[in-house]
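Heads up: the structure comes next, in structure tokens.
The values are calculated or read from the model by the stated rules, or taken from the named source; none is laboratory data. Source: prediction; values computed, not measured. A quick note on method: Cβ atoms are made from the backbone with ideal geometry, for glycine too, and the neighbour counts reach across all protein chains shown. In case anyone asks, the SASA skips ligands and DNA or RNA and just uses the protein heavy atoms, side chains included. Shrake-Rupley method; radii C 1.70, N 1.55, O 1.52, S 1.80 Å.
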Amino acid sequence: MNYNEFFNVALNQLRDERRYRVFADLERIAGRFPHALWHSPEGTRDVVIWCSNDYLGMAQHPKVIGAMVETATRMGTGAGGTRNIAGTNHPLVELERELADLHGKPAALVFTSGYVSNQTGIATIAKLLPNCLLLSDALNHNSMIEGIRQSGCERVIWRHNDVAHLEELLKAADPKRPKLIAFESLYSMDGDVAPVHAICDLADKYGAMTYCDEVHAVGMYGPRGGGICERDKAMDRVDVLEGTLAKAFGCLGGYIAGSREMIDAVRSYAPGFIFTTALPPAICAATTAAIKHLKSSSWERERHQDRAARVKAVLNAAGLPVMPSDTHIVPVFVGDPEKCKTASDLLLSEHGIYIQPINYPTVPRGAERLRITPSPYHDDALIDGLAEALIDVWERLGLPLGQRALAAE
Ligand code: PMP
């Protein structure tokens, strides 16, 4: 039997649907972000990255790089084991304290990624609640969905951000049954925000626990970078806050924060926490440096919001179909997988602009888009260049352009 045939069938299906992914080989340059080198078969060239989740550019911050280099030099590279077997290094313990403080919670627990923290965190919490009913927002990230599946518990899905629907489902459930409401504070593909207080009101009314993924918000919102829940003064109302160390904090890893008992139970029962090597000390020290910096510096957050607002204004004025977003995410609608991929290819090869196409299953079919994520380091000239490049690509692909307010000025 030729087993590769099976793989080819699956791969060809993706190719037929124009969903086969090609990864750009990028070499980011510390000190020059968002500029990077792109290594392609035709050679190497300078490009501008417009879709990085290193939202605040912290991966190149001198304090963060300094902490990583100093700690690696002093303590070596790997953690040397799982948390239980010699892997609990001091910078990791300090990082967990820093995260608990960031969210105003008694305890926090670090995992090797945000994905793992959701998957093993939700699965373990739900399994430990007898006959738990999981209530999941329809647009929750795959890592939460996988955690829900892994828990084996019954789950119901509430329409995205629709608290009336959530209440219907809560009302229909047995009042004595433990319930876990899982949602995100900021949805990364549309840039919309959850009604956190309304969800917590329902959780109080129906005796449910709340689990909030703040992956696209930590570091970026709230006076100390505690996320949307800090901004909206809801941190103490949400039972489990989950975040990543890999986006605004510029490193790698994920975490949950909450009550001492919940954290201790997940620490003791979660397979995705127990049976894997701990994060290296240098990563932990670098992340702590990023969190500490962002707790006291609001320059990055303010400049980030300013840049996002400017990108939206310039693209809108140019007649590009910017989808409504309340946050730093700037989605530009394409609505066709083929054109979305081609637009991304043209931007990179002809304009030196890198924006990954977002196609199904990340977004529904027909909702394909370019997802633009400005950073504090995208200046006015780069924004104008982005608008010009997008207009050129839109015209070449016959994509609709609205009123050109800029041209009329
Ligand atoms: N939650 C959400 C909403 C995400 O978008 C992602 C990944 N982009 C994750 C969790 C996983 O985080 P990480 O990249 O740290 O694994």
Share of antiparallel DSSP beta bridges in the chain, in percent to the nearest 5?
60 percent
Full-extension gain in nm, residue 27 to residue 277, via 0.36 nm per residue minus C-alpha separation:
87.3 nm
Quick one: what do you get for the chain if you divide its Cα Rg by 2.2 N^0.38 Å?
1.02
Once the Cβ-Cβ distance between residue 267 and residue 349 is put in as r, and R0 is 60 Å, what FRET efficiency do you end up with, to the nearest 0.05?
0.80
Within region 165-241, percent of DSSP bridges classed antiparallel, to nearest 5:
10 percent
Most fluctuating residue given options 62, 91, 364, as computed from a GNM of the chain linking Cα atoms under 10 Å:
364
Could you identify which residue out of 42, 350, 98 has the top mean-square fluctuation in a GNM of the chain using Cα springs shorter than 10 Å?
42
Residue 168 versus residue 396: modelled label distance in nm, points set 7 Å from Cα along the beta carbon direction
4.7 nm
Under the 0.36 nm per residue contour assumption, what length would be gained going from the current alpha-carbon distance of residue 77 and residue 13 to full extension?
19.0 nm
For residue 177, project a label point 7 Å along Cα to C-beta. Then give me every residue of region 140-164 with its amide nitrogen under 16 Å of that point.
149, 151-158
Semi-axes of the equivalent ellipsoid for region 96-252, please: Cα gyration tensor eigenvalues, times 5, square-rooted, ordered largest first, whole Å.
23, 17, 14
Positive-pole candidate from 378, 106, 133, dipole of the chain, charges at beta carbon:
106
Can you give me the orientation-averaged projected area of the convex hull built on the Cα atoms of region 72-169, in nm²?
8.5 nm²
What is the calculated FRET efficiency for residue 138 to residue 86, with r their C-beta to C-beta distance and R₀ = 35 Å, to the nearest 0.05?
0.25
Heavy atoms only, probe 1.4 angstrom, no DNA, RNA or ligands counted: give me 116, 240 ranked by accessible area, highest first.
116, 240
Among all stretches of the chain without exposed chymotrypsin sites (Phe, Trp or Tyr not before Pro) (DSSP loop, at most 15 other Cβ atoms within 10 Å), which one is longest?
24-274
Cα-based shape type of region 125-175, given that a ≥ b ≥ c are square roots of the gyration tensor eigenvalues and the cut on a/c is 1.5:
oblate
Helix by helix through the chain, keep the DSSP H runs that span 18 Å or more along the axis on Cα and average at least -1.0 on Kyte-Doolittle, and give those back in order.
3-16, 62-75, 90-103, 114-128, 281-296, 337-351, 380-397
May I ask which residue of 89, 229, 359 lies farthest towards the positive end of the charge dipole of the chain, with charges of +1 (Lys, Arg) and -1 (Asp, Glu) on Cβ and the Cα centre as origin?
89
Modelled label-to-label distance, residue 44 and residue 309, 7 Å Cα→beta-carbon offset: nm?
4.0 nm
With springs only between Cα atoms under 10 Å, which of 12, 84, 118 fluctuates most in a Gaussian network model of the chain?
12
Relative contact order for the chain using alpha-carbon pairs under 8 Å, separation at least 6, rounded to a whole percent?
21 percent
